[in-house]
Amino acid sequence: MNFKSRTLSSALTLAAALTLGAGGFAKAVPIVEGDLGVNPTSSTSALILNRSVANQAFDDAWTFTLSNSVLFDTSASVTNTFSNSSAFIDNFTMDVVSYGADGIFGTPDDTIVLGPDAASTCLPKTQCLSLDGVLAAGKYYLELKGNGRERSGYHGDIDVFPVPGPAVGAGLPGLVAACSALLLLARRRREKIAPV
C-alpha cells in the first residue's frame, strides 16, 4: 500500500469513526437549509423559514445563535396548509438541537433541548408544530423532518427574547421590596429624630 492509499484509507476510517454513534450506526446529519441569524425574531425568521418538500423525505436544519444574554425565552412554530391529501406531510416532526459541547454542527454530541413535537391538525387543513422553552446562550438548530407528498411545503418562524436578569426583571415583587425598604428606612429616621 503506497502513501496515497494509506492516507486515503486513514481519512476514510477517521470520517467513518466520527459519524458513528454509540451503537455503531451512523447518525443522519440534517441538511442546513438556512441560517436564521443571531437572536432571531418573528419578523426576521419568517422571511427565511420556508421550503418546498414535494415528493421527498427531508431532514432540514435551520441554524441560529443566541448571544448577549444568559437565557432566552424561545418559541418556534411551523405549519403546512393543505387543501387535499397531496399536500400533506407524513411523519412531520420538529425539535431544537444544541450543537453540543464541541460547538460543531452535526456531530454525535448534538443534543435535543426542546421537543420533539409531532405535527397535529390545529385548524382545518393545517398541520402545526410548536415548541417553547428557555435556552441558554449558544449555537442551535431547528430540525424539521418528514415525508412530503406531491405538493408539500412548510413555513414558520422562531422568536427569542432575552430573559431579564434579577435587577431588571424583579418586576412588581422587586418594586414592593424596594418601597418597603424605603418606608422602613424613613420610619427609623423618624424614630431617631422624635423626642423621647
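The figures follow:
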read-out	value
Complete set of residues in the stretch 43-59 that are surrounded by 12 or more Cβ atoms within 10 Å (Cβ to Cβ) and farther than 18 Å from T81 by Cβ	T44, S45, I48, D59
Condition met for C122 (at pLDDT 95 or above, in contact with a Cys (Cβ under 7 Å, 6 or more places away or on another chain) and assigned by TED's automatic domain parsing to the domain that holds V53)	no
Which listed residue is assigned to a strand (DSSP E or B), modelled with pLDDT under 90 and among the small types (G, A, S), from S69, S5, S75, S43	S69
Whichever residue in the stretch 82-110 is among the hydroxyl-bearing types (S, T, Y) and out of contact with any Phe, Trp or Tyr (no Cβ under 9 Å at 6 or more places or on another chain) and, among such residues, is surrounded by the most Cβ atoms within 10 Å (Cβ to Cβ)	T93
Any hit, the stretch 74-94, residues being within 16 Å of the chain's Cα centre (by Cα) and without any contact (Cβ under 8 Å) to a residue 60 or more places away in the chain	yes
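The values are calculated or read from the model by the stated rules, or taken from the named source; none is laboratory data. None of these values were measured; they are calculated from a predicted model. Every residue, glycine as well, gets a Cβ built from its backbone with ideal geometry; the counts of neighbours run over all protein chains shown.
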